[in-house]
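All remarks here apply to the structure that follows.
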Amino acid sequence: MTAPNDMILFKQTDFPEAEENQSRVHIRVQQRNGRKCVTTVQGLADDLDLKKILKYVKKMFNTNGTVVKDEMGDVIQLQGDQRKAISRFLTEFNIVPKSQITEHGF
């Protein structure tokens, strides 16, 4: 028998197959023309009301956006580089944990 002091504690990353089961949310910025860019949010859960999330994001960050139907699921598109803002919004309102968000871009 092992004593409680000899127990081995596992980090979340010790089991990669468990981490693969969690869906990742990808936040990307895409260059349009000139200085213009678009921020896309992909991978949000299907049971979330994306139009309602978009409504609050647009009000809070004074930007425009839309929900686009894609073959990989619905994607939120926002005007401008909103990567940090949308990441903070998703974590503060407990929509997605910070560990599931991946920010891409320059």
Check your understanding: Any idea how many residues of the stretch 1-51 are in contact with a Ser or Thr (Cβ under 8 Å, 6 or more places away or on another chain), charged (D, E, K, R) and either at pLDDT 55 or above or buried (at least 16 other Cβ atoms within 10 Å of the Cβ) (or both)?
Key -> 2
Study note, to complete from the structure: Reported set for the stretch 72-102 where residues are more than 16 Å from S23 (Cβ to Cβ) and open to solvent by 70 Å² or more (accessible area, probe 1.4 Å) is Q79, D81, K84, R88, E92, F93
**Study point:** First in the stretch 37-56 and among the small types (G, A, S), second anywhere and surrounded by 18 or more Cβ atoms within 10 Å (Cβ to Cβ) and outside any loop (DSSP other than H, G, I, E, B), Cβ under 6 Å, 6 or more apart
**Key:** G43/V25
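Would you call K69 on the phi < 0 side of the Ramachandran plot, assigned to a helix (DSSP H, G or I) and at pLDDT 90 or above? Working first, answer last.
On the way: on the phi < 0 side of the Ramachandran plot: yes; assigned to a helix (DSSP H, G or I): no; at pLDDT 90 or above: yes.
No: the conditions fail for K69.
The values are calculated or read from the model by the stated rules, or taken from the named source; none is laboratory data. Not measured: the values here are computed from a predicted model. Backbone-built Cβ (ideal geometry, glycine too); neighbour counts: all protein chains shown. Surface areas here come from the heavy atoms of the whole protein model, side chains and all, with no ligands, DNA or RNA. Shrake-Rupley method; radii C 1.70, N 1.55, O 1.52, S 1.80 Å.
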